(Lines give C-alpha, C1' and ligand atoms only; values in the text may rest on other atoms or scores of the structure.)
Protein backbone atom coordinates (compact mmCIF):
# COMPACT_ATOMS: atom_id res chain seq x y z
CA UNK A 1 0.00 0.00 0.00
CA UNK A 2 1.21 3.43 -0.84
CA UNK A 3 0.06 6.99 -0.25
CA UNK A 4 0.27 9.61 -2.98
CA UNK A 5 2.87 12.35 -2.62
CA UNK A 6 2.14 15.91 -1.59
CA UNK A 7 2.18 17.03 -5.18
CA UNK A 8 -1.24 15.35 -5.62
CA UNK A 9 -2.43 17.14 -2.46
CA UNK A 10 -1.58 20.49 -3.96
CA UNK A 11 -3.30 19.37 -7.17
CA UNK A 12 -6.40 18.70 -5.16
CA UNK A 13 -6.48 22.33 -4.11
CA UNK A 14 -6.61 23.60 -7.71
CA UNK A 15 -9.85 24.76 -9.35
CA UNK A 16 -11.63 22.17 -11.51
CA UNK A 17 -11.93 23.45 -15.09
CA UNK A 18 -15.55 23.59 -16.28
CA UNK A 19 -14.54 22.93 -19.88
CA UNK A 20 -11.19 21.26 -20.65
CA UNK A 21 -8.75 22.87 -23.00
CA UNK A 22 -9.54 21.72 -26.56
CA UNK A 23 -7.16 19.10 -27.83
CA UNK A 24 -6.11 18.92 -31.45
CA UNK A 25 -6.37 15.18 -31.87
CA UNK A 26 -4.69 15.29 -35.28
CA UNK A 27 -1.43 16.50 -33.67
CA UNK A 28 -1.50 14.13 -30.68
CA UNK A 29 -0.02 10.67 -30.77
CA UNK A 30 -2.36 7.74 -30.22
CA UNK A 31 -3.02 7.52 -26.47
CA UNK A 32 -4.35 4.33 -24.95
CA UNK A 33 -3.56 5.02 -21.33
CA UNK A 34 -6.21 6.62 -19.16
CA UNK A 35 -4.59 9.59 -17.45
CA UNK A 36 -5.63 11.21 -14.19
CA UNK A 37 -5.81 14.97 -14.67
CA UNK A 38 -7.22 15.78 -11.27
CA UNK A 39 -8.55 14.34 -7.99
CA UNK A 40 -8.96 15.68 -4.46
CA UNK A 41 -7.57 12.44 -3.09
CA UNK A 42 -5.67 9.68 -4.78
CA UNK A 43 -4.67 6.38 -3.22
CA UNK A 44 -2.93 3.45 -4.91
CA UNK A 45 -2.53 -0.21 -4.07
CA UNK A 46 -0.38 -2.79 -5.79
CA UNK A 47 -1.35 -6.36 -5.14
CA UNK A 48 -0.02 -9.39 -7.00
CA UNK A 49 1.47 -7.04 -9.52
CA UNK A 50 -1.88 -5.38 -10.25
CA UNK A 51 -2.11 -1.68 -9.54
CA UNK A 52 -5.40 -0.33 -8.23
CA UNK A 53 -5.88 3.42 -7.92
CA UNK A 54 -8.64 5.03 -5.88
CA UNK A 55 -9.67 8.59 -6.78
CA UNK A 56 -12.07 10.74 -4.81
CA UNK A 57 -13.42 14.23 -5.19
CA UNK A 58 -13.57 16.24 -8.42
CA UNK A 59 -12.04 13.46 -10.49
CA UNK A 60 -10.99 14.28 -14.08
CA UNK A 61 -9.67 11.53 -16.34
CA UNK A 62 -8.48 11.77 -19.90
CA UNK A 63 -7.74 9.39 -22.72
CA UNK A 64 -6.77 11.17 -25.89
CA UNK A 65 -9.52 13.64 -26.79
CA UNK A 66 -11.97 12.03 -24.37
CA UNK A 67 -12.52 13.48 -20.89
CA UNK A 68 -14.29 11.75 -18.00
CA UNK A 69 -15.58 13.43 -14.86
CA UNK A 70 -16.94 11.81 -11.69
CA UNK A 71 -17.10 12.09 -7.90
CA UNK A 72 -14.94 9.00 -7.35
CA UNK A 73 -13.27 6.36 -9.43
CA UNK A 74 -11.37 3.12 -9.16
CA UNK A 75 -8.74 2.33 -11.78
CA UNK A 76 -7.44 -1.16 -12.34
CA UNK A 77 -4.70 -1.14 -14.94
CA UNK A 78 -6.44 0.74 -17.80
CA UNK A 79 -10.02 0.07 -16.71
CA UNK A 80 -12.10 2.58 -14.74
CA UNK A 81 -15.06 2.22 -12.44
CA UNK A 82 -16.54 5.67 -11.86
CA UNK A 83 -19.32 6.69 -9.50
CA UNK A 84 -21.34 9.84 -8.87
CA UNK A 85 -22.10 12.56 -11.42
CA UNK A 86 -20.27 10.72 -14.18
CA UNK A 87 -19.64 12.68 -17.39
CA UNK A 88 -17.97 11.53 -20.61
CA UNK A 89 -17.05 14.30 -23.00
CA UNK A 90 -15.93 13.44 -26.54
CA UNK A 91 -15.22 16.27 -28.92
CA UNK A 92 -17.28 19.45 -29.00
CA UNK A 93 -20.75 17.94 -29.30
CA UNK A 94 -20.98 14.66 -27.37
CA UNK A 95 -21.62 14.48 -23.62
CA UNK A 96 -22.81 11.43 -21.68
CA UNK A 97 -24.10 11.65 -18.09
CA UNK A 98 -24.77 8.79 -15.67
CA UNK A 99 -24.64 7.68 -12.04
CA UNK A 100 -21.84 5.15 -12.62
CA UNK A 101 -19.49 3.94 -15.30
CA UNK A 102 -17.42 0.91 -16.16
CA UNK A 103 -14.84 1.84 -18.77
CA UNK A 104 -12.49 -0.56 -20.57
CA UNK A 105 -9.61 1.70 -21.52
CA UNK A 106 -7.83 -0.64 -23.94
CA UNK A 107 -11.01 -1.31 -25.96
CA UNK A 108 -12.37 2.18 -25.24
CA UNK A 109 -15.80 0.78 -24.38
CA UNK A 110 -17.96 2.40 -21.71
CA UNK A 111 -20.90 0.88 -19.83
CA UNK A 112 -22.91 3.58 -18.11
CA UNK A 113 -25.61 2.92 -15.49
CA UNK A 114 -28.33 4.90 -13.74
CA UNK A 115 -30.04 8.00 -15.17
CA UNK A 116 -27.92 7.85 -18.30
CA UNK A 117 -28.23 10.78 -20.71
CA UNK A 118 -26.41 11.15 -24.01
CA UNK A 119 -26.35 14.64 -25.55
CA UNK A 120 -25.29 15.13 -29.16
CA UNK A 121 -26.09 18.05 -31.45
CA UNK A 122 -29.38 18.80 -29.77
CA UNK A 123 -30.47 15.16 -29.44
CA UNK A 124 -30.77 13.58 -26.03
CA UNK A 125 -30.91 9.87 -25.24
CA UNK A 126 -32.20 8.78 -21.82
CA UNK A 127 -31.76 5.25 -20.47
CA UNK A 128 -30.70 3.24 -17.41
CA UNK A 129 -27.89 1.34 -19.10
CA UNK A 130 -25.89 2.46 -22.12
CA UNK A 131 -22.98 0.73 -23.84
CA UNK A 132 -20.84 3.21 -25.75
CA UNK A 133 -17.87 2.47 -27.98
CA UNK A 134 -15.66 5.57 -28.08
CA UNK A 135 -13.73 4.27 -31.11
CA UNK A 136 -16.74 3.69 -33.35
CA UNK A 137 -18.95 6.22 -31.55
CA UNK A 138 -21.65 3.59 -31.35
CA UNK A 139 -24.12 3.64 -28.45
CA UNK A 140 -26.32 0.66 -27.59
CA UNK A 141 -29.00 0.18 -24.96
CA UNK A 142 -31.03 -2.82 -23.82
CA UNK A 143 -33.56 -1.26 -21.43
CA UNK A 144 -36.49 1.08 -22.05
CA UNK A 145 -34.96 4.26 -23.42
CA UNK A 146 -35.99 7.64 -24.80
CA UNK A 147 -34.44 9.77 -27.55
CA UNK A 148 -35.54 13.38 -27.95
CA UNK A 149 -34.97 15.31 -31.17
CA UNK A 150 -36.47 18.77 -31.06
CA UNK A 151 -40.23 18.02 -30.79
CA UNK A 152 -39.92 14.32 -31.63
CA UNK A 153 -39.62 11.67 -28.89
CA UNK A 154 -38.66 8.04 -29.54
CA UNK A 155 -38.92 5.19 -27.04
CA UNK A 156 -37.89 1.55 -27.38
CA UNK A 157 -36.61 -1.41 -25.37
CA UNK A 158 -33.48 -1.80 -27.48
CA UNK A 159 -31.58 0.49 -29.77
CA UNK A 160 -28.38 1.58 -31.41
CA UNK A 161 -27.22 5.15 -31.95
CA UNK A 162 -24.33 5.98 -34.30
CA UNK A 163 -22.99 9.37 -33.25
CA UNK A 164 -20.74 9.78 -36.31
CA UNK A 165 -23.46 9.18 -38.89
CA UNK A 166 -26.34 10.66 -36.84
CA UNK A 167 -28.30 7.44 -37.26
CA UNK A 168 -30.34 5.62 -34.64
CA UNK A 169 -31.98 2.20 -34.81
CA UNK A 170 -34.86 1.47 -32.45
CA UNK A 171 -36.14 -2.05 -31.82
CA UNK A 172 -38.81 -3.74 -29.70
CA UNK A 173 -41.97 -1.86 -28.68
CA UNK A 174 -41.02 1.39 -30.34
CA UNK A 175 -43.12 4.49 -29.65
CA UNK A 176 -42.54 7.73 -31.56
CA UNK A 177 -44.27 10.87 -30.29
CA UNK A 178 -44.34 13.94 -32.51
CA UNK A 179 -46.47 17.08 -32.47
CA UNK A 180 -48.39 15.67 -35.43
CA UNK A 181 -48.71 11.99 -34.52
CA UNK A 182 -47.94 9.03 -32.27
CA UNK A 183 -46.33 5.95 -33.85
CA UNK A 184 -46.11 2.41 -32.48
CA UNK A 185 -44.00 -0.29 -34.11
CA UNK A 186 -41.17 -2.77 -33.46
CA UNK A 187 -38.50 -1.39 -35.80
CA UNK A 188 -37.62 2.21 -36.65
CA UNK A 189 -34.49 3.66 -38.22
CA UNK A 190 -33.99 7.36 -37.53
CA UNK A 191 -31.64 9.91 -39.02
CA UNK A 192 -31.16 12.59 -36.39
CA UNK A 193 -29.59 14.85 -39.01
CA UNK A 194 -32.42 14.72 -41.60
CA UNK A 195 -35.19 13.92 -39.11
CA UNK A 196 -36.41 11.03 -41.27
CA UNK A 197 -37.97 8.00 -39.59
CA UNK A 198 -37.92 4.74 -41.55
CA UNK A 199 -40.10 1.88 -40.31
CA UNK A 200 -39.76 -1.68 -41.55
CA UNK A 201 -42.27 -3.55 -39.39
CA UNK A 202 -46.05 -3.41 -38.80
CA UNK A 203 -46.65 0.18 -37.72
CA UNK A 204 -49.63 2.10 -36.32
CA UNK A 205 -49.66 5.90 -36.52
CA UNK A 206 -52.24 7.92 -34.58
CA UNK A 207 -52.90 11.54 -35.49
CA UNK A 208 -55.80 13.29 -33.73
CA UNK A 209 -58.75 11.08 -34.68
CA UNK A 210 -56.93 9.45 -37.59
CA UNK A 211 -54.98 6.18 -37.58
CA UNK A 212 -52.65 4.83 -40.25
CA UNK A 213 -51.40 1.27 -40.46
CA UNK A 214 -48.62 -0.02 -42.69
CA UNK A 215 -45.73 -2.47 -42.68
CA UNK A 216 -43.15 -0.26 -44.33
CA UNK A 217 -42.55 3.44 -44.93
CA UNK A 218 -40.92 6.65 -43.75
CA UNK A 219 -41.78 9.94 -42.04
CA UNK A 220 -39.91 13.22 -42.39
CA UNK A 221 -40.32 14.90 -39.00
CA UNK A 222 -38.93 18.20 -40.28
CA UNK A 223 -41.26 18.47 -43.26
CA UNK A 224 -44.19 16.60 -41.72
CA UNK A 225 -44.29 14.33 -44.76
CA UNK A 226 -44.78 10.56 -44.69
CA UNK A 227 -45.19 7.63 -47.06
CA UNK A 228 -46.76 4.39 -45.85
CA UNK A 229 -46.40 1.20 -47.88
CA UNK A 230 -47.30 -2.47 -47.77
CA UNK A 231 -50.90 -3.14 -46.65
CA UNK A 232 -51.30 0.55 -45.91
CA UNK A 233 -54.62 1.54 -44.31
CA UNK A 234 -56.02 4.90 -43.13
CA UNK A 235 -58.87 5.14 -40.58
CA UNK A 236 -60.57 8.27 -39.24
CA UNK A 237 -63.93 7.86 -37.54
CA UNK A 238 -66.22 6.24 -40.11
CA UNK A 239 -63.61 6.87 -42.82
CA UNK A 240 -61.35 4.07 -43.97
CA UNK A 241 -58.86 4.03 -46.83
CA UNK A 242 -56.42 1.53 -48.34
CA UNK A 243 -53.83 1.84 -51.12
CA UNK A 244 -50.46 0.58 -52.30
CA UNK A 245 -48.99 3.81 -50.90
CA UNK A 246 -50.53 6.28 -48.45
CA UNK A 247 -48.88 9.71 -48.35
CA UNK A 248 -49.54 12.05 -45.43
CA UNK A 249 -48.59 15.73 -45.57
CA UNK A 250 -49.20 17.23 -42.13
CA UNK A 251 -48.26 20.77 -43.18
CA UNK A 252 -50.97 20.82 -45.83
CA UNK A 253 -53.18 18.37 -43.89
CA UNK A 254 -53.54 16.20 -46.96
CA UNK A 255 -53.71 12.43 -47.36
CA UNK A 256 -52.89 10.89 -50.76
CA UNK A 257 -53.68 7.29 -51.68
CA UNK A 258 -51.70 5.90 -54.62
CA UNK A 259 -52.27 2.63 -56.44
CA UNK A 260 -55.48 0.63 -55.98
CA UNK A 261 -56.78 3.46 -53.83
CA UNK A 262 -60.03 2.82 -51.95
CA UNK A 263 -61.95 5.08 -49.56
CA UNK A 264 -64.95 4.04 -47.42
CA UNK A 265 -67.25 6.08 -45.18
CA UNK A 266 -70.55 4.60 -44.04
CA UNK A 267 -72.42 4.11 -47.35
CA UNK A 268 -69.81 6.00 -49.41
CA UNK A 269 -67.20 4.14 -51.46
CA UNK A 270 -64.53 5.81 -53.61
CA UNK A 271 -61.91 4.05 -55.74
CA UNK A 272 -59.28 5.37 -58.17
CA UNK A 273 -55.67 5.06 -59.19
CA UNK A 274 -55.00 8.03 -56.88
CA UNK A 275 -57.16 9.64 -54.19
CA UNK A 276 -56.25 12.92 -52.47
CA UNK A 277 -58.14 14.02 -49.36
CA UNK A 278 -57.84 17.48 -47.77
CA UNK A 279 -58.61 17.25 -44.07
CA UNK A 280 -59.43 20.96 -43.57
CA UNK A 281 -61.75 21.37 -46.56
CA UNK A 282 -62.89 17.71 -46.66
CA UNK A 283 -62.40 17.78 -50.43
CA UNK A 284 -61.61 14.49 -52.12
CA UNK A 285 -59.91 14.22 -55.52
CA UNK A 286 -60.15 10.92 -57.40
CA UNK A 287 -57.78 10.57 -60.37
CA UNK A 288 -57.61 7.77 -62.93
CA UNK A 289 -60.36 5.13 -63.21
CA UNK A 290 -62.27 7.12 -60.62
CA UNK A 291 -65.46 5.77 -59.08
CA UNK A 292 -67.65 7.17 -56.30
CA UNK A 293 -70.77 5.51 -54.89
CA UNK A 294 -73.19 6.24 -52.07
CA UNK A 295 -76.75 5.20 -51.22
CA UNK A 296 -78.19 7.48 -53.91
CA UNK A 297 -75.77 7.67 -56.78
CA UNK A 298 -72.74 6.19 -58.46
CA UNK A 299 -70.17 8.31 -60.35
CA UNK A 300 -67.55 6.91 -62.72
CA UNK A 301 -65.01 9.03 -64.63
CA UNK A 302 -61.38 9.86 -65.33
CA UNK A 303 -61.32 12.40 -62.49
CA UNK A 304 -63.81 13.24 -59.75
CA UNK A 305 -63.69 16.05 -57.17
CA UNK A 306 -66.04 15.43 -54.24
CA UNK A 307 -66.94 17.91 -51.48
CA UNK A 308 -68.29 15.90 -48.56
CA UNK A 309 -69.42 19.05 -46.69
CA UNK A 310 -71.51 20.50 -49.51
CA UNK A 311 -72.13 17.05 -51.03
CA UNK A 312 -71.09 18.33 -54.45
CA UNK A 313 -68.82 16.87 -57.08
CA UNK A 314 -67.17 17.69 -60.41
CA UNK A 315 -65.89 15.27 -63.02
CA UNK A 316 -63.37 15.50 -65.85
CA UNK A 317 -63.08 13.14 -68.76
CA UNK A 318 -65.85 10.81 -69.89
CA UNK A 319 -68.04 10.30 -66.83
CA UNK A 320 -71.05 8.20 -65.90
CA UNK A 321 -73.44 9.06 -63.05
CA UNK A 322 -76.09 6.59 -61.95
CA UNK A 323 -78.67 8.28 -59.71
CA UNK A 324 -81.50 5.91 -58.88
CA UNK A 325 -83.31 5.11 -62.12
CA UNK A 326 -81.42 7.80 -64.04
CA UNK A 327 -78.06 7.54 -65.79
CA UNK A 328 -75.97 10.53 -66.95
CA UNK A 329 -72.90 10.25 -69.20
CA UNK A 330 -70.83 13.31 -70.16
CA UNK A 331 -67.33 14.66 -70.74
CA UNK A 332 -67.55 16.90 -67.65
CA UNK A 333 -70.07 17.16 -64.82
CA UNK A 334 -70.47 19.85 -62.15
CA UNK A 335 -72.82 18.87 -59.33
CA UNK A 336 -73.65 21.40 -56.59
CA UNK A 337 -76.19 20.20 -54.06
CA UNK A 338 -79.24 19.19 -56.06
CA UNK A 339 -78.10 21.12 -59.15
CA UNK A 340 -75.97 19.53 -61.84
CA UNK A 341 -74.52 20.68 -65.16
CA UNK A 342 -73.20 18.14 -67.66
CA UNK A 343 -71.30 19.17 -70.79
CA UNK A 344 -69.87 17.45 -73.84
CA UNK A 345 -71.56 14.53 -75.63
CA UNK A 346 -74.09 14.23 -72.82
CA UNK A 347 -76.37 11.18 -72.59
CA UNK A 348 -79.16 11.13 -69.98
CA UNK A 349 -81.37 8.06 -69.51
CA UNK A 350 -84.45 7.32 -67.42
CA UNK A 351 -84.39 3.53 -67.22
CA UNK A 352 -87.97 3.27 -65.92
CA UNK A 353 -89.64 5.36 -68.64
CA UNK A 354 -87.09 4.11 -71.19
CA UNK A 355 -86.23 7.64 -72.27
CA UNK A 356 -82.78 8.79 -73.37
CA UNK A 357 -81.67 12.34 -74.17
CA UNK A 358 -78.44 13.13 -76.04
CA UNK A 359 -77.16 16.69 -75.99
CA UNK A 360 -74.13 18.96 -75.70
CA UNK A 361 -75.36 20.25 -72.34
CA UNK A 362 -77.80 19.09 -69.68
CA UNK A 363 -78.85 21.06 -66.60
CA UNK A 364 -80.27 18.93 -63.80
CA UNK A 365 -82.14 19.61 -60.55
CA UNK A 366 -82.41 16.49 -58.45
CA UNK A 367 -84.90 17.95 -55.96
CA UNK A 368 -87.45 18.73 -58.67
CA UNK A 369 -86.25 15.99 -61.04
CA UNK A 370 -85.82 18.64 -63.72
CA UNK A 371 -83.68 18.01 -66.81
CA UNK A 372 -82.97 20.59 -69.51
CA UNK A 373 -81.02 19.63 -72.63
CA UNK A 374 -79.60 22.26 -74.96
CA UNK A 375 -76.88 22.72 -77.54
CA UNK A 376 -76.25 20.65 -80.63
CA UNK A 377 -79.96 19.90 -81.29
CA UNK A 378 -80.74 17.52 -78.42
CA UNK A 379 -82.00 14.07 -79.36
CA UNK A 380 -84.65 12.18 -77.38
CA UNK A 381 -84.79 8.40 -77.79
CA UNK A 382 -87.75 6.45 -76.43
CA UNK A 383 -88.81 2.81 -76.74
CA UNK A 384 -92.38 2.64 -78.08
CA UNK A 385 -94.08 -0.59 -79.17
CA UNK A 386 -90.76 -2.47 -79.36
CA UNK A 387 -89.62 0.24 -81.74
CA UNK A 388 -87.52 3.34 -81.17
CA UNK A 389 -88.88 6.87 -81.36
CA UNK A 390 -86.32 9.60 -82.09
CA UNK A 391 -87.04 13.29 -81.48
CA UNK A 392 -84.88 16.37 -81.94
CA UNK A 393 -85.47 20.00 -81.05
CA UNK A 394 -83.44 23.06 -80.08
CA UNK A 395 -84.26 22.45 -76.41
CA UNK A 396 -85.62 19.45 -74.50
CA UNK A 397 -86.97 19.55 -70.96
CA UNK A 398 -87.94 16.65 -68.73
CA UNK A 399 -89.59 17.22 -65.36
CA UNK A 400 -91.55 15.31 -62.74
CA UNK A 401 -94.61 17.27 -61.64
CA UNK A 402 -95.81 14.85 -58.99
CA UNK A 403 -93.43 12.64 -57.00
CA UNK A 404 -96.34 10.49 -55.81
CA UNK A 405 -97.00 8.95 -59.22
CA UNK A 406 -93.51 9.53 -60.70
CA UNK A 407 -95.17 10.79 -63.88
CA UNK A 408 -92.78 12.67 -66.15
CA UNK A 409 -93.48 15.50 -68.58
CA UNK A 410 -91.29 16.05 -71.64
CA UNK A 411 -91.16 19.37 -73.44
CA UNK A 412 -89.45 20.04 -76.75
CA UNK A 413 -89.45 23.44 -78.39
CA UNK A 414 -88.23 25.13 -81.53
CA UNK A 415 -88.08 23.00 -84.66
CA UNK A 416 -89.23 19.67 -83.22
CA UNK A 417 -88.77 16.67 -85.54
CA UNK A 418 -89.73 13.05 -84.79
CA UNK A 419 -88.92 9.78 -86.51
CA UNK A 420 -90.30 6.32 -85.81
CA UNK A 421 -90.52 3.45 -88.29
CA UNK A 422 -94.29 3.92 -88.76
CA UNK A 423 -94.63 7.52 -87.56
CA UNK A 424 -92.97 10.84 -88.34
CA UNK A 425 -93.81 14.35 -87.18
CA UNK A 426 -92.66 17.98 -87.23
CA UNK A 427 -93.86 20.97 -85.22
CA UNK A 428 -92.58 24.04 -83.42
CA UNK A 429 -93.03 22.63 -79.91
CA UNK A 430 -94.25 19.49 -78.17
CA UNK A 431 -95.34 18.22 -74.73
CA UNK A 432 -95.41 14.54 -73.76
CA UNK A 433 -96.90 13.32 -70.48
CA UNK A 434 -95.97 9.82 -69.38
CA UNK A 435 -98.90 9.66 -66.96
CA UNK A 436 -101.48 9.39 -69.74
CA UNK A 437 -99.04 8.71 -72.61
CA UNK A 438 -100.19 11.81 -74.48
CA UNK A 439 -98.22 13.83 -77.04
CA UNK A 440 -99.38 17.39 -77.78
CA UNK A 441 -97.94 19.09 -80.87
CA UNK A 442 -98.11 22.90 -81.18
CA UNK A 443 -97.67 25.45 -84.01
CA UNK A 444 -97.90 24.02 -87.50
CA UNK A 445 -97.76 20.37 -86.50
CA UNK A 446 -97.67 17.64 -89.15
CA UNK A 447 -97.81 13.89 -88.54
CA UNK A 448 -97.17 11.19 -91.12
CA UNK A 449 -98.22 7.57 -90.77
CA UNK A 450 -97.66 5.26 -93.70
CA UNK A 451 -99.38 7.01 -96.68
CA UNK A 452 -101.32 9.50 -94.56
CA UNK A 453 -100.48 13.02 -93.50
CA UNK A 454 -102.25 14.75 -90.56
CA UNK A 455 -102.13 18.43 -89.62
CA UNK A 456 -104.14 21.06 -87.77
CA UNK A 457 -103.58 23.99 -85.44
CA UNK A 458 -102.93 21.54 -82.57
CA UNK A 459 -102.39 17.78 -82.74
CA UNK A 460 -102.69 15.36 -79.83
CA UNK A 461 -101.45 11.78 -80.10
CA UNK A 462 -102.68 9.29 -77.51
CA UNK A 463 -100.51 6.21 -76.87
CA UNK A 464 -101.79 2.98 -75.34
CA UNK A 465 -99.71 -0.08 -74.51
CA UNK A 466 -96.82 1.68 -76.27
CA UNK A 467 -98.82 1.91 -79.51
CA UNK A 468 -100.63 4.78 -81.18
CA UNK A 469 -104.25 4.67 -80.00
CA UNK A 470 -105.76 7.96 -81.23
CA UNK A 471 -104.71 11.15 -82.96
CA UNK A 472 -106.75 14.27 -82.23
CA UNK A 473 -106.65 17.11 -84.78
CA UNK A 474 -108.05 20.31 -83.25
CA UNK A 475 -109.01 23.37 -85.34
CA UNK A 476 -108.46 23.41 -89.10
CA UNK A 477 -107.99 19.65 -89.12
CA UNK A 478 -106.72 18.09 -92.32
CA UNK A 479 -105.80 14.57 -93.37
CA UNK A 480 -104.35 13.59 -96.72
CA UNK A 481 -103.95 10.01 -97.90
CA UNK A 482 -102.10 9.14 -101.10
CA UNK A 483 -100.66 5.72 -101.89
CA UNK A 484 -99.09 6.99 -105.15
CA UNK A 485 -98.57 10.72 -104.43
CA UNK A 486 -100.44 11.48 -107.67
CA UNK A 487 -104.01 11.54 -106.45
CA UNK A 488 -104.81 12.68 -102.95
CA UNK A 489 -107.68 11.59 -100.77
CA UNK A 490 -108.49 14.52 -98.51
CA UNK A 491 -110.56 15.03 -95.40
CA UNK A 492 -111.05 18.46 -93.90
CA UNK A 493 -113.02 19.70 -90.90
CA UNK A 494 -113.00 21.62 -87.69
CA UNK A 495 -111.89 18.71 -85.48
CA UNK A 496 -110.94 15.13 -86.25
CA UNK A 497 -110.16 11.97 -84.31
CA UNK A 498 -108.18 9.16 -85.93
CA UNK A 499 -108.43 5.69 -84.35
CA UNK A 500 -105.52 3.23 -84.65
CA UNK A 501 -105.04 -0.46 -84.07
CA UNK A 502 -101.71 -2.25 -84.33
CA UNK A 503 -100.23 1.10 -85.41
CA UNK A 504 -102.55 1.25 -88.45
CA UNK A 505 -105.36 3.77 -88.88
CA UNK A 506 -108.77 2.06 -88.61
CA UNK A 507 -111.23 4.93 -88.86
CA UNK A 508 -111.53 8.69 -88.78
CA UNK A 509 -114.30 10.80 -87.22
CA UNK A 510 -114.75 14.37 -88.47
CA UNK A 511 -116.84 16.84 -86.48
CA UNK A 512 -117.82 20.24 -87.90
CA UNK A 513 -117.61 21.58 -91.46
CA UNK A 514 -116.56 18.21 -92.86
CA UNK A 515 -115.35 17.99 -96.46
CA UNK A 516 -113.81 15.08 -98.30
CA UNK A 517 -112.22 14.24 -101.61
CA UNK A 518 -112.23 10.49 -102.16
CA UNK A 519 -110.79 8.60 -105.16
CA UNK A 520 -112.75 5.46 -105.95
CA UNK A 521 -110.95 2.23 -106.88
CA UNK A 522 -112.32 -0.82 -108.67
CA UNK A 523 -111.46 -4.41 -107.87
CA UNK A 524 -108.18 -4.11 -109.81
CA UNK A 525 -107.19 -1.02 -107.81
CA UNK A 526 -107.77 1.18 -110.84
CA UNK A 527 -109.20 4.69 -110.35
CA UNK A 528 -112.78 5.01 -111.63
CA UNK A 529 -113.71 8.42 -110.30
CA UNK A 530 -113.44 10.95 -107.55
CA UNK A 531 -116.13 11.88 -105.04
CA UNK A 532 -116.45 15.25 -103.33
CA UNK A 533 -118.70 15.52 -100.29
CA UNK A 534 -119.60 18.30 -97.86
CA UNK A 535 -121.49 17.71 -94.60
CA UNK A 536 -121.39 18.51 -90.90
CA UNK A 537 -119.90 15.24 -89.64
CA UNK A 538 -118.21 12.31 -91.26
CA UNK A 539 -116.91 8.81 -90.45
CA UNK A 540 -114.24 7.21 -92.64
CA UNK A 541 -113.15 3.58 -92.42
CA UNK A 542 -109.66 2.46 -93.49
CA UNK A 543 -108.28 -0.89 -94.57
CA UNK A 544 -104.52 -1.36 -94.86
CA UNK A 545 -104.10 2.39 -94.23
CA UNK A 546 -106.27 3.22 -97.25
CA UNK A 547 -109.84 4.64 -97.29
CA UNK A 548 -112.41 1.87 -97.59
CA UNK A 549 -115.72 3.72 -97.17
CA UNK A 550 -117.11 6.99 -95.85
CA UNK A 551 -120.31 7.78 -93.97
CA UNK A 552 -121.73 11.31 -94.18
CA UNK A 553 -123.98 12.87 -91.53
CA UNK A 554 -126.24 15.92 -91.37
CA UNK A 555 -127.22 17.42 -94.77
CA UNK A 556 -124.53 15.88 -96.94
CA UNK A 557 -124.00 17.06 -100.55
CA UNK A 558 -121.97 14.88 -102.84
CA UNK A 559 -120.61 15.05 -106.39
CA UNK A 560 -118.99 12.21 -108.34
CA UNK A 561 -116.57 13.05 -111.15
CA UNK A 562 -115.19 10.64 -113.76
CA UNK A 563 -111.42 10.51 -113.68
CA UNK A 564 -110.99 11.97 -117.18
CA UNK A 565 -113.32 14.89 -116.55
CA UNK A 566 -112.10 15.76 -113.04
CA UNK A 567 -109.94 18.82 -112.47
CA UNK A 568 -107.67 17.28 -109.87
CA UNK A 569 -105.94 20.52 -108.94
CA UNK A 570 -109.27 22.22 -108.43
CA UNK A 571 -110.33 19.33 -106.23
CA UNK A 572 -107.68 20.16 -103.67
CA UNK A 573 -109.50 21.50 -100.64
CA UNK A 574 -108.54 24.83 -98.99
CA UNK A 575 -105.47 24.42 -96.80
CA UNK A 576 -104.13 21.50 -98.87
CA UNK A 577 -100.37 20.93 -98.67
CA UNK A 578 -98.43 17.74 -99.27
CA UNK A 579 -95.26 18.28 -97.25
CA UNK A 580 -93.17 15.35 -98.42
CA UNK A 581 -89.95 17.42 -98.23
CA UNK A 582 -90.46 18.09 -94.52
CA UNK A 583 -91.05 14.44 -93.68
CA UNK A 584 -88.07 12.86 -91.88
CA UNK A 585 -86.89 9.77 -93.73
CA UNK A 586 -84.62 8.41 -90.96
CA UNK A 587 -83.24 9.34 -87.53
CA UNK A 588 -80.35 11.02 -89.33
CA UNK A 589 -82.82 13.35 -91.08
CA UNK A 590 -83.84 15.01 -87.81
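The values are calculated or read from the model by the stated rules, or taken from the named source; none is laboratory data. Just so we're clear, the structure is a prediction, and the values are computed from it rather than from any experiment. A quick note on method: Cβ atoms are made from the backbone with ideal geometry, for glycine too, and the neighbour counts reach across all protein chains shown.
The table that follows gives values for the structure above.
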{"item": "Among the candidates 363, 367, 353, residue that is within 30 Å of residue 586 (Cα to Cα), surrounded by fewer than 20 Cβ atoms within 10 Å (Cβ to Cβ), in contact (Cβ under 8 Å) with a residue 24 or more places away in the chain and more than 22 Å from the chain's Cα centre (by Cα)", "result": "353"}
{"item": "Selection count where residues are surrounded by 17 or more Cβ atoms within 10 Å (Cβ to Cβ) and within 43 Å of the chain's Cα centre (by Cα), scope the stretch 411-436", "result": "12"}
{"item": "Filter result for the condition that a residue is at pLDDT below 90 and surrounded by 13 or more Cβ atoms within 10 Å (Cβ to Cβ), over 545, 555", "result": "545"}
{"item": "Close pairs (6 angstrom Cβ cut-off, 6 or more residues apart or separate chains): outside the structural domain of residue 61 (by TED's automatic domain parsing) and at pLDDT 90 or above in the stretch 28-47, surrounded by 11 or more Cβ atoms within 10 Å (Cβ to Cβ) and not in a strand (DSSP E or B) anywhere", "result": "none"}
{"item": "In the stretch 160-180, the residues that are assigned to a loop (DSSP other than H, G, I, E, B), surrounded by fewer than 17 Cβ atoms within 10 Å (Cβ to Cβ) and within 36 Å of the chain's Cα centre (by Cα)", "result": "179"}
{"item": "Strands (runs of 3 or more DSSP E) wholly inside the stretch 490-590 containing at least 1 residues that are free of Cβ contacts under 8 Å to residues at least 12 places away in the same chain", "result": "504-521, 527-543, 546-553"}
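Residue-wise test of (1) touching a helix residue (DSSP H, G or I) at 6+ places or on another chain (Cβ under 9 Å); (2) in a strand (DSSP E or B); (3) closer than 24 Å to residue 514 by Cβ; (4) touching a residue at least 40 places away in the same chain (Cβ under 8 Å).
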{"site": "409", "(1), (2), (3), (4)": "no, yes, no, no"}
{"site": "414", "(1), (2), (3), (4)": "no, yes, no, no"}
{"site": "439", "(1), (2), (3), (4)": "no, yes, no, no"}
{"site": "444", "(1), (2), (3), (4)": "no, no, yes, no"}
{"site": "448", "(1), (2), (3), (4)": "no, yes, yes, yes"}
{"site": "459", "(1), (2), (3), (4)": "no, yes, yes, no"}
{"site": "472", "(1), (2), (3), (4)": "no, yes, yes, no"}
{"site": "476", "(1), (2), (3), (4)": "no, yes, yes, yes"}
